[in-house]
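Down below is the structure, laid out as structure tokens.
The values are calculated or read from the model by the stated rules, or taken from the named source; none is laboratory data. Everything numeric in this text was worked out from a predicted model, so none of it was measured. Using ideal geometry, Cβ is built from the backbone for each residue, glycine included, and neighbour counts are taken over all protein chains shown.
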């Protein structure tokens, strides 16, 4: 059995939304000092909706794939939906991650939520509540 799913390998080899957004409305960073992975998520917000998203990730293939998948999952979504993103959803969308790599999906969730918080703080916008 392969260590990584085809989806993980695809997002690692051909990451979606990689790069920097120079005019980002919100930027979130998450890192894990134990493994050395660092993710930076850039959000462009228009009318409470993520109109564009980019990422820069320094880390392993699982970290890059998790960043790529997370950006695909939140693009075009309202902030209330973006805040529903979980590390489990990212890992499931990638058809699973090895147990010792699940922290990569956690970093993706944390970086996305930090970017939303940064946007809210910079624009004096109330942090949206998650939809139930």
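Tally time: how many residues in segment 80-101 are over 17 Å from residue 40 (Cα atoms), assigned to a helix (DSSP H, G or I) and touching a helix residue (DSSP H, G or I) at 6+ places or on another chain (Cβ under 6 Å)? Let's see the steps before the verdict.
At the first step, the residues of segment 80-101 found to be over 17 Å from residue 40 (Cα atoms) are 80-81, 84, 88-89, 91-101.
From what is left, the residues that are assigned to a helix (DSSP H, G or I) are 80-81, 88-89, 91-93, 99-101.
Checking which are touching a helix residue (DSSP H, G or I) at 6+ places or on another chain (Cβ under 6 Å) leaves us with 91, 93, 101.
So the count comes out to 3.
Please work out if residue 104 is under 25 Å from residue 33 (Cβ atoms), in contact with a strand residue (DSSP E or B) (Cβ under 9 Å, 6 or more places away or on another chain) and modelled with pLDDT under 95.
Numbers: under 25 Å from residue 33 (Cβ atoms): yes; in contact with a strand residue (DSSP E or B) (Cβ under 9 Å, 6 or more places away or on another chain): yes; modelled with pLDDT under 95: yes.
Considered against the rule, which asks whether it is under 25 Å from residue 33 (Cβ atoms), in contact with a strand residue (DSSP E or B) (Cβ under 9 Å, 6 or more places away or on another chain) and modelled with pLDDT under 95, residue 104 comes out as yes.
Rundown of residues vs (1) buried (at least 17 other Cβ atoms within 10 Å of the Cβ); (2) assigned to a loop (DSSP other than H, G, I, E, B); (3) without any contact (Cβ under 8 Å) to a residue 40 or more places away in the chain; (4) at positive phi, yes/no style:
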residue	(1), (2), (3), (4)
3	no, yes, no, no
11	yes, no, no, no
22	no, yes, yes, no
41	yes, no, no, no
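Can you tell me how many residues in segment 43-55 are surrounded by 17 or more Cβ atoms within 10 Å (Cβ to Cβ) and in contact with a helix residue (DSSP H, G or I) (Cβ under 9 Å, 6 or more places away or on another chain)?
Qualifying residue count for the region: 6.
For residue 64, are the conditions met, namely being in contact with a strand residue (DSSP E or B) (Cβ under 7 Å, 6 or more places away or on another chain) and under 18 Å from residue 127 (Cα atoms)? Break it down stepwise before answering.
On the way: in contact with a strand residue (DSSP E or B) (Cβ under 7 Å, 6 or more places away or on another chain): yes; under 18 Å from residue 127 (Cα atoms): no.
The answer is no for residue 64.
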